[in-house]
Amino acid sequence: MEETSNFDKPAASETIALGGGCFWCTEAVFKEVRGVTDVESGYSNGQSARPTYEQVCTGRTGYVEVVRLQYDPAVISTRQILEIFFVVHDPTQLNRQGNDVGTQYRSGIYFTTPLQEQVAKTLIAEASRDALYDGPIVTEVVPLASYWPAEDYHQDFFENNPTQGYCMAVAAPKVGKFRKTFKELAKG
């Protein structure tokens, strides 16, 4: 059963979840994206109810660390969201992102609408055709299922801990890459 938390969805918004390694980094980037109205770190597409961070870190729950985004499609398109996603993580690394290793760090797009699925598959096909990466894209594209919010201390982690070592070494460069590559999509 899905926990709703305080992530109520207005009628004019869409929801998608993205797994791009540690959720601290992905959350830090998408909190800066114009048109993204809410970002929540969590776990999706696993087997047990109410998983904890410690359980997910074992790699035995089936869960992936994700950020669940709520966004206004009148301001930012699904394609733009996914273009950002493919720039700020490596979609060719299977079950890892950098030094974060395990199935919980796999690359994934967890869609909530058929259009999101179509956009994701089209974007992956185009990137593969144009050989934008040195290896094959391993990003899974599946429906969002079994979503649970991460513990409170994971929410807004980069914002609350900007000088923490991991944030400085891994999250900050990803935020910088977003700002440089997608200036026009950054919040004021």
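The values are calculated or read from the model by the stated rules, or taken from the named source; none is laboratory data. Bear in mind the structure is a predicted one, so any value in this text is a computation, not a measurement. Backbone-built Cβ (ideal geometry, glycine too); neighbour counts: all protein chains shown.
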Tally of residues being crowded, with 24+ Cβ neighbours inside 10 Å and aromatic (Phe, Trp, Tyr) across the range 31-57
1
For residue 152, are the conditions met, namely being surrounded by fewer than 21 Cβ atoms within 10 Å (Cβ to Cβ) and more than 18 Å from residue 44 (Cα to Cα)?
no
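Listed here are the residues, each with its yes/no results for (1) among the small types (Gly, Ala, Ser); (2) surrounded by fewer than 19 Cβ atoms within 10 Å (Cβ to Cβ); (3) assigned to a strand (DSSP E or B); (4) touching a residue at least 24 places away in the same chain (Cβ under 8 Å).
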| residue | (1), (2), (3), (4) |
| --- | --- |
| 59 | yes, yes, no, yes |
| 75 | no, yes, no, yes |
| 86 | no, no, no, yes |
| 104 | no, no, no, yes |
| 127 | yes, yes, no, yes |
| 133 | no, yes, no, yes |
Filter result (touching a helix residue (DSSP H, G or I) at 6+ places or on another chain (Cβ under 6 Å) and farther than 27 Å from residue 32 by Cα) within the range 44-103
59, 61
Based on what the data block shows, is residue 109 in a helix (DSSP H, G or I) and crowded, with 16+ Cβ neighbours inside 10 Å?
no
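Residue 47 - would you say it is under 24 Å from residue 169 (Cα atoms), of a type outside the set (A, V, I, L, M, F, W, C) and at pLDDT below 95?
Details: under 24 Å from residue 169 (Cα atoms): no; of a type outside the set (A, V, I, L, M, F, W, C): yes; at pLDDT below 95: yes.
It is false that residue 47 is under 24 Å from residue 169 (Cα atoms), of a type outside the set (A, V, I, L, M, F, W, C) and at pLDDT below 95.
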